[in-house]
Amino acid sequence: MVVREGHEAYGQKLGIRYKRTCKCPPSHINCLNAKEWLKCQLGVWQFSYEARDVRDKHVHPATFPISLSKKVIELFTHEGELVLDPFVGSGTTLVACNDTNRNGVGFDLQQDYIDLCESRLGGQANLFSTAKQVTIQDDARNIANYLDPETVSLIWTSPPYANLLNRRRKNKSRRDRRTEQLGRIEQYSQDIRDLGTMQIDEYTRAMGDIFEKLLSLLRVKAHCVINVPDMWWENKRITIHVSLIEELRKRGYELRNIIIWDRTNVVNRIGIFGWPSNYITMGVTFEYLLDFWRPPKK
C-alpha cells in the first residue's frame, strides 16, 4: 500500500499488525537457528548485490543491498513483527520485509522515491508472506501520527548524509577520473525539510529530534540500527557516526554494538587516494551499522 497526501490513511493510525506469527519461545529475540546466529557474531559484515538491488546513482545516490537489510531484520525481529524505516529511500527495507515475512512501514518526503518503492514492491511476489508493507510520503517528524507506542520491533534505516552530497565530486579516489561522476552533485533534494540539505550540527540535532519521537514507538529492548558512513570535507574527517552516537544517547537510546559493513567486495576501481603526501582512508570501502536499543525501564 502507498499512502500519499489525500489518501484516506494519510496522517491516520495505520492499524498495521506487529505481533510475531512464528512459534519461537518468548525469550528468543529472533527466529534464527544456532548456525545462522553464529554468523552474526562477527563484527565485520560483507554482502553482495543481486539483480533486484538498485545501484544506479541516477535513481538514488545512496543505497544498500537487500542482503544487508535482510540480515539486520532477521537478527532483531521475528516473523510478523513490525519494522520501521524513517528514511525509506529506494525501498530496500520494505523489499527485505516482504522477503522475510515482516510487516514494514517506510517514510520518505520525495515523490520519486515513493514511486520507486511502489514499483519495486509491485514486482514482488512472496506466496509465503502474510505480512504487509506500507510506503508513506510524509515527513519522518510525523511518524508518531501513524503508529502506536511500543509496536515497533526494529527501526532500520540509512538516513541522508547531511549536506555532504551537496558538493561537486572530484573523483580523487578513482583511477579513471574522467567518469560521469566527475563534477556531479548527488544530493537527495533541495527541500528545506530534507536532512540532506543541512549542515552537520543542524543535521545531528534534527536526527535527535526525529529519533526521540520514535523511541516511544519501540518496544522495550527493541533495536534501532542506523547505517552511516563518515566523510571527508575540506581535508577534515566528518565523523557522522560519532555525532549520532552522542546525540541518540542524549535522547534516551543505549548503544549496544558497532558493526562494520565492509564494502571492499562491491567497490570498483579503487584509486590511490591521497598519494603521495596525505594518508586518507577511502570512506567508500566501509560504513558503520550503529546498533542501539530502547533500554529496559528502571
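Residue count for the range 218-240 satisfying the condition of being under 26 Å from residue 150 (Cα atoms) and not aliphatic (A, V, I, L, M): 5. Looking at 68, 14, just one residue is under 19 Å from residue 134 (Cα atoms) and surrounded by 19 or more Cβ atoms within 10 Å (Cβ to Cβ), and that residue is 14. Does residue 129 count as more than 25 Å from residue 291 (Cα to Cα) and assigned to a helix (DSSP H, G or I)? When the stated conditions are applied, residue 129 does not pass them. Only one of the listed residues (113, 146) is out of contact with any Cys (no Cβ under 8 Å at 6 or more places or on another chain), at negative phi, modelled with pLDDT of 95 or more and among the aromatic types (Phe, Trp, Tyr). That residue is 146.
Could you check the range 22-42 and list, in sequence order, the residues that are part of a loop (DSSP other than H, G, I, E, B) and surrounded by 10 or more Cβ atoms within 10 Å (Cβ to Cβ)?
The answer is 22, 24, 28, 29, 30, 31, 32, 40, 42.
Under 7 Å by Cβ, and 6 or more places apart or on different chains, what pairs join a residue from the range 116-136 that is loosely packed, with under 11 Cβ neighbours inside 10 Å with one that is among the polar types (S, T, N, Q) and modelled with pLDDT of 90 or more? Close Cβ pairs satisfying both conditions: 128/101.
Taking into account only those residues within the range 61-108 that are more than 25 Å from residue 4 (Cα to Cα) and of a type in the set (Asp, Glu), which is farthest from the chain's Cα centre (by Cα)? Only one residue tops the list, namely 79. Tell me, please, whether a residue that is free of Cβ contacts under 8 Å to residues at least 40 places away in the same chain and under 21 Å from residue 17 (Cβ atoms) can be found in the range 70-89. For the range 70-89, residues free of Cβ contacts under 8 Å to residues at least 40 places away in the same chain and under 21 Å from residue 17 (Cβ atoms): present. You will find that of 79, 74, the residue that is under 17 Å from residue 154 (Cα atoms) and not in a loop (DSSP other than H, G, I, E, B) is 74 and no other.
The values are calculated or read from the model by the stated rules, or taken from the named source; none is laboratory data. Note that the structure is predicted; figures quoted are calculated from it, not measured. Methodologically, a virtual Cβ is constructed for each residue, glycine included, from the backbone with ideal geometry; neighbour enumeration extends over all protein chains shown.
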